[in-house]
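Enquirer: Please find one structure pasted underneath; my questions will follow.
The values are calculated or read from the model by the stated rules, or taken from the named source; none is laboratory data. This is a predicted model, so every value here is computed, not measured. Heads up, the Cβs are rebuilt from the backbone with ideal geometry, glycines too, and the neighbour counts pull from every protein chain shown. Heads up: the accessible areas ignore ligands, DNA and RNA and are worked out on the full protein's heavy atoms, side chains in. Shrake-Rupley method; radii C 1.70, N 1.55, O 1.52, S 1.80 Å.
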Amino acid sequence: MLRVLAVDDEAPALGELLYLLRADPRVRAAEGAADATEALRRIGRALDAGPDRDHGDGIDVVFLDIHMPGLGGLDLARLLGGFARPPLIVFVTAHEGFAVQAFDLEAVDYVLKPVRRERLAEAVRRVHELVHASTVARKAPAPEQIPVELGGVTRFVSVDDIAYVEAHGDYARLHTDTGSHLVRIPLSTLEERWAARGFVRIHRSHLVALGRIDELRLDGGATSVRVGTAELAVSRRHARQLRDLLMRRAGG
């Protein structure tokens, strides 16, 4: 549910806006501010409250008048845009002529006065969808996608689906359970980019997802791993590090 701040220097307009916002079931809390200075103070207080308080990480959205004494709504929106995690902005105004500037500031919506309940509900719906999508994305970040060309069609392969990568000069072949794809990325670049995802270099020609290794084989002085149906050689310089990584992984 949304945490809302409404900002308007006209008390009757602010009161009506707060009444409509508080009647919306998607709004958890709605506060009012009579000018930009008070709005900044309330937003700062909500941020300082911390994640265990009623305001969580702060205000989700500011419903903002444009014409106000002192600092105007557009100026306040520019200031809020400099925050690390700025609230969303919905402008609520009697003036049509500022719509272009409002959307240049990435406003979610532009609601004209007098505010109709149905129109405000549509603005709240848009905000709710954006806040929900942002929350889901933070909790479960999407896996990295690699674009590949297949018969003139660009498709996207998730890094999580890649078992190992084979060097081909300035190219690399990505091997998944269902096939392979050639991309123009050097193996050294992928080694650096995917180290945090559990990919390890086992040979000058191969990068392997540690969690996809099914067997480690020692045959005389040679070391190899089995990844699905593929058997890949492990160079001497990488063999000890790989054994240590696999042992640590097996030990929890």
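Enquirer: Go through (1) outside any helix (DSSP H, G or I); (2) over 28 Å from residue 153 (Cα atoms) one by one and return the number of the condition residue 196 breaks.
Expert: Here residue 196 clears every test but (1).
Enquirer: Against the conditions (1) touching a strand residue (DSSP E or B) at 6+ places or on another chain (Cβ under 7 Å); (2) at pLDDT 95 or above, where does residue 87 fall short? Just the number, please.
Expert: It fails just one condition, (2).
Enquirer: For residues that are out of contact with any helix residue (DSSP H, G or I) (no Cβ under 8 Å at 6 or more places or on another chain) and not aliphatic (A, V, I, L, M), scanning just region 222-233, find the one that is most open to solvent (accessible area, probe 1.4 Å).
Expert: Among those residues, the one meeting the criterion is 229.
Enquirer: So which residues in region 187-215 are open to solvent by less than 50 Å² (accessible area, probe 1.4 Å) and free of Cβ contacts under 8 Å to residues at least 24 places away in the same chain, if there are any at all?
Expert: 187, 198
Enquirer: Right, here's the next one. Would it be correct to say that residue 190 is outside any strand (DSSP E or B) and closer than 20 Å to residue 144 by Cβ?
Expert: yes
Enquirer: Could I ask something else about it? Looking only at region 1-29, which residues are closer than 24 Å to residue 82 by Cβ and open to solvent by 10 Å² or more (accessible area, probe 1.4 Å)?
Expert: Within region 1-29, 3, 9 qualify.
Enquirer: Are there any pairs with C-beta distances below 6 angstrom linking a residue in region 94-107 that is within 13 Å of residue 67 (Cβ to Cβ) to a residue that is open to solvent by 50 Å² or more (accessible area, probe 1.4 Å) and part of a helix (DSSP H, G or I), with the two at least 6 apart or on different chains, and if so which?
Expert: none
Enquirer: Could you grab me the full set of residues in region 99-131 that are open to solvent by 50 Å² or more (accessible area, probe 1.4 Å) and either among the hydroxyl-bearing types (Ser, Thr, Tyr) or under 18 Å from residue 78 (Cβ atoms) (or both)?
Expert: Selection gives 100, 101, 103, 104, 105, 106.
Enquirer: Right, another one. Which pairs have Cβ atoms under 7 Å, sit 6 or more apart or on different chains, and link a residue in region 226-252 that is more than 12 Å from residue 208 (Cα to Cα) to one that is open to solvent by 100 Å² or more (accessible area, probe 1.4 Å)?
Expert: If the second residue must be open to solvent by 100 Å² or more (accessible area, probe 1.4 Å), the pairs left are 235/204.
Enquirer: Restrict the check to region 234-247 and report whether at least one residue is closer than 28 Å to residue 156 by Cα and either open to solvent by 30 Å² or more (accessible area, probe 1.4 Å) or modelled with pLDDT under 90 (or both).
Expert: no
Enquirer: Evaluate the following for residue 235: is it in contact with an Asp or Glu (Cβ under 8 Å, 6 or more places away or on another chain) and not charged (D, E, K, R)?
Expert: Against the criterion (in contact with an Asp or Glu (Cβ under 8 Å, 6 or more places away or on another chain) and not charged (D, E, K, R)), residue 235 does not qualify.
Enquirer: Right, something else. Go through (1) under 23 Å from residue 129 (Cβ atoms); (2) at pLDDT 95 or above and name the single condition residue 32 misses.
Expert: Only one criterion is unmet by residue 32, namely (1).
Enquirer: Something else now. Tell me whether region 36-59 contains one or more residues that are in contact with a helix residue (DSSP H, G or I) (Cβ under 6 Å, 6 or more places away or on another chain) and modelled with pLDDT of 95 or more.
Expert: Within region 36-59 (the criterion being in contact with a helix residue (DSSP H, G or I) (Cβ under 6 Å, 6 or more places away or on another chain) and modelled with pLDDT of 95 or more), the answer is no, since none of the residues qualifies.
Enquirer: Search region 123-144 for residues that are at pLDDT below 85 and pair each with any residue that is in a helix (DSSP H, G or I) and of a type in the set (A, V, I, L, M, F, W, C) when their beta-carbon atoms are under 9 Å apart and the residues are at least 6 apart or on different chains.
Expert: 143/159; 144/159
Enquirer: What is the one condition in (1) in contact (Cβ under 8 Å) with a residue 40 or more places away in the chain; (2) surrounded by fewer than 19 Cβ atoms within 10 Å (Cβ to Cβ); (3) more than 17 Å from residue 123 (Cα to Cα); (4) in contact with a helix residue (DSSP H, G or I) (Cβ under 8 Å, 6 or more places away or on another chain) that residue 68 does not satisfy?
Expert: Unmet for residue 68, out of (1) in contact (Cβ under 8 Å) with a residue 40 or more places away in the chain; (2) surrounded by fewer than 19 Cβ atoms within 10 Å (Cβ to Cβ); (3) more than 17 Å from residue 123 (Cα to Cα); (4) in contact with a helix residue (DSSP H, G or I) (Cβ under 8 Å, 6 or more places away or on another chain): (2).
Enquirer: Return yes or no: is residue 161 modelled with pLDDT of 90 or more and acidic (Asp, Glu)?
Expert: Yes: the conditions hold for residue 161.
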